[in-house]
Amino acid sequence: VAGTDADCAGFAPDAELYVFRVFTSARVSYTSWFLDAFNYAIHTDIDVLNLSIGGPDFMDRPFVEKVNEMSANNIVVVSAIGNDGPLYGTLNNPADQMDVLGVGGIDYADAVARFSSRGMTT
């Protein structure tokens, strides 16, 4: 994001990065931890929120509604789509929400990677 050389300032040298830890070292997490992080993002006017996570639980209403609230507050939400491909309908939440920018994987030939999830699930 930012460089250390004055001649190469990076592509977003004035960006502020916030890191939210929502998992333990044992990979355990709770919806409430995400909601706390999302609320902080809303109240501090963060512009972009990137989630390198995803899961099959599109029925977690508080989570889904908070993602919608972030979008309503002009936060661009970016999320991993998952590694459950190649079948259609394997897209993970929250990347399967209409107002979330989902990011998948590509292979060395710049084609959609076989493992990359695809298609809507909700």
### Summary
Reported set for region 69-95 where residues are closer than 16 Å to residue 48 by Cα and under 13 Å from the mean Cα position of the chain (by Cα) is 70, 71, 75, 76, 77, 78, 79, 80, 94, 95
## Note on the structure
Pairing a residue in region 56-74 that is surrounded by fewer than 13 Cβ atoms within 10 Å (Cβ to Cβ) and modelled with pLDDT of 95 or more with any residue that is part of a helix (DSSP H, G or I) and charged (D, E, K, R), where Cβ atoms lie under 6 Å and the two sit 6 or more apart in sequence or on different chains, gives none
### Query
Out of all the residues in region 19-39, which are polar (S, T, N, Q), surrounded by 11 or more Cβ atoms within 10 Å (Cβ to Cβ) and not in a helix (DSSP H, G or I)?
29
### Query
Taking region 96-122, which residues are touching a Ser or Thr at 6+ places or on another chain (Cβ under 8 Å), closer than 22 Å to residue 48 by Cα and open to solvent by 40 Å² or more (accessible area, probe 1.4 Å)?
99, 101, 103, 104
### Query
Which members of region 60-118 meet the condition of being of a type in the set (A, V, I, L, M) and touching a helix residue (DSSP H, G or I) at 6+ places or on another chain (Cβ under 7 Å)?
70, 75, 77, 100
### Summary
So, first residue under 14 Å from residue 87 (Cβ atoms) in region 99-115, second residue of a type outside the set (Asp, Glu) and open to solvent by 80 Å² or more (accessible area, probe 1.4 Å), Cβ within less than 7 Å, six or more apart or across chains; the pairs are 104/112; 112/106; 113/106; 115/83
### Query
Any idea which of 42, 46 is assigned to a helix (DSSP H, G or I), surrounded by 15 or more Cβ atoms within 10 Å (Cβ to Cβ), over 13 Å from the mean Cα position of the chain (by Cα) and not charged (D, E, K, R)?
42
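The values are calculated or read from the model by the stated rules, or taken from the named source; none is laboratory data. Computed from a prediction, not measured in an experiment: that's the story for all the values here. Virtual Cβ from ideal backbone geometry, glycine too; neighbours counted across all protein chains shown. To get the accessible areas, we keep the full protein, side chains included, count just its heavy atoms, and leave off ligands, DNA and RNA. Shrake-Rupley method; radii C 1.70, N 1.55, O 1.52, S 1.80 Å.
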